[in-house]
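The values are calculated or read from the model by the stated rules, or taken from the named source; none is laboratory data. Since we're looking at a predicted model, the values are computed, not measured. Cβ coordinates were reconstructed from backbone atoms using ideal geometry, including for glycine residues, and neighbour counts include every protein chain displayed.
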Amino acid sequence: MDAAMDADTLLITRQGRLGRMTLNRPKALNALDRTLFARIAACLADWREDPSVETVLIDSSSPRAFCAGGDLRAIHATLGAAGPAAAASIFRDGYRLVSVLAGYPKAVVSFMDGITMGGGVGLGGHVRHRIVTERAVVAMPETAIGLTPDAGGSYILSRAPGLSGLRLALTGGRMQGGEAVAAGFADRMLAAADLPALAEGLARRPAGQVVDMAPAAPRDGACPDHAAINTLYDAPDVATIIDRLDRHGAPWAEADRAALRQASPLSLRVTFRAFHAARRLPDLDTVLEQEYRLIASLLEQPDFAEGVRAKIVDKDNAPRWMDKAAWSDAAIEAFFAPRADSLDLPIFS
């Protein structure tokens, strides 16, 4: 496969000890579809047994985005044409790929340069060496489209300092590179201009040596006030959080309140419960199984289709969510019940 290159959405190259997969859907911000999932998984399977590949790099052909997440238009179309189970199967492919990446026996490096959201976090946020830059914009914005943080994102959020992860999960708040490192979404922040030299180094030397020797970029973004966040978000339910935000008055609290009032009420309640449940789960694979149950259940409700219509299809930003009064605590709890289908993890022992 030396110097070989696929012609379209995934560029696959080899240089020295490095195998490189470059996402190449710039007009779609490298949105992940079923074809990309399959091709990345197949490449990883091939390189897993190839002794000449010692390090794998995942990056983007575009400086604007590493990966903006799943291809929501395609998922929305599948949902409408074939139903919730068919749409859920796309997520299943993605979550199984996340598990493969997290447990891959060789060093995997991700350059999360530019927009990195949702499934993009799944692709780059669970590997051994996670790099962000000054251009990084990292977020899990699923509550705005009627879903809940997924692709392993809820695992990272549940391990973030204090209750900052709950805040990010509910509001879909965006992090710059330095904030993403502080929250546990990345390991190092490097200058985007230094990434080509880093890739060259990965072709010649072990990944750990190359990454550790790379000069760190100055941290951007102010770290959040964890004490203030904890005071507002240490609450028994979302309604209490919103009430506290209403009375707080700080600009960041007002922005949080606005984000929560625009999000799907069902998604907020599921996400609140999922965050606290994920904190008690032992590992990424277990959290992925929870995420899959939740996503599959949420796809059976109308809020996802409505969220994609409002945000992506019609772009009127005026979703008509289901009545939040229709959901009892028992109904929310039912989303977490085991399903007949699962991710069947781990894929590799």
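Points worth noting:
- Answer residue from segment 265-290, given it is among the basic types (Lys, Arg) and more than 21 Å from residue 303 (Cβ to Cβ) and is surrounded by the most Cβ atoms within 10 Å (Cβ to Cβ) among those: 279
- Leading residue by the ranking (nearest to the chain's Cα centre (by Cα)) among those in segment 241-274 that are of a type in the set (Val, Ile, Thr) and within 17 Å of residue 160 (Cβ to Cβ): 271
- Residues of segment 66-121 classified as in contact with a His (Cβ under 8 Å, 6 or more places away or on another chain) and β-branched (Val, Ile, Thr), total: 3
- Within segment 109-128, the set of residues being assigned to a strand (DSSP E or B) and either closer than 16 Å to residue 181 by Cβ or without any contact (Cβ under 8 Å) to a residue 60 or more places away in the chain (or both) comprises 109, 110, 111, 112, 116, 117.
- Some residue of segment 117-127 being in contact with a helix residue (DSSP H, G or I) (Cβ under 9 Å, 6 or more places away or on another chain), over 30 Å from residue 309 (Cβ atoms), of a type outside the set (Phe, Trp, Tyr) and surrounded by fewer than 20 Cβ atoms within 10 Å (Cβ to Cβ): no
- The residue that is surrounded by the fewest Cβ atoms within 10 Å (Cβ to Cβ), counting only those in segment 65-102 that are outside any helix (DSSP H, G or I) and within 17 Å of the chain's Cα centre (by Cα), is 71.
- Pairs linking a residue in segment 187-216 that is more than 18 Å from residue 56 (Cβ to Cβ) to a residue that is part of a helix (DSSP H, G or I) and of a type outside the set (D, E, K, R), with Cβ atoms under 6 Å and 6 or more positions apart or on different chains, are 189/177; 189/178; 189/181.
- Residue tally, condition within 26 Å of residue 323 (Cα to Cα) and under 15 Å from the mean Cα position of the chain (by Cα), over segment 275-289: 1
- Taken as a whole, the structure leaves residue 247 outside the set of residues that are surrounded by 14 or more Cβ atoms within 10 Å (Cβ to Cβ), among the basic types (Lys, Arg) and either at negative phi or modelled with pLDDT of 95 or more (or both).
- Within segment 31-61, the set of residues being in contact (Cβ under 8 Å) with a residue 12 or more places away in the chain, in a loop (DSSP other than H, G, I, E, B), farther than 18 Å from residue 202 by Cβ and of a type in the set (D, E, K, R) comprises 33 only.
- Subset of segment 135-194 [under 12 Å from residue 224 (Cβ atoms) and in contact with a Lys or Arg (Cβ under 6 Å, 6 or more places away or on another chain)]: 178
- Odd one out for residue 151, checked against (1) within 21 Å of residue 289 (Cα to Cα); (2) without any contact (Cβ under 8 Å) to a residue 12 or more places away in the chain; (3) out of contact with any Ser or Thr (no Cβ under 9 Å at 6 or more places or on another chain): (2)
- Test result for residue 264, in contact with an Asp or Glu (Cβ under 6 Å, 6 or more places away or on another chain), polar (S, T, N, Q) and over 19 Å from residue 71 (Cα atoms): yes
- For the condition exposed (fewer than 15 other Cβ atoms within 10 Å of the Cβ) and within 29 Å of residue 132 (Cα to Cα), residue 253 does not qualify.
- Any hit, segment 81-102, residues being modelled with pLDDT of 95 or more, among the acidic types (Asp, Glu) and under 27 Å from residue 171 (Cβ atoms): no
- Tally, over segment 137-196, of residues that are under 23 Å from residue 301 (Cα atoms), part of a loop (DSSP other than H, G, I, E, B) and under 12 Å from the mean Cα position of the chain (by Cα): 8
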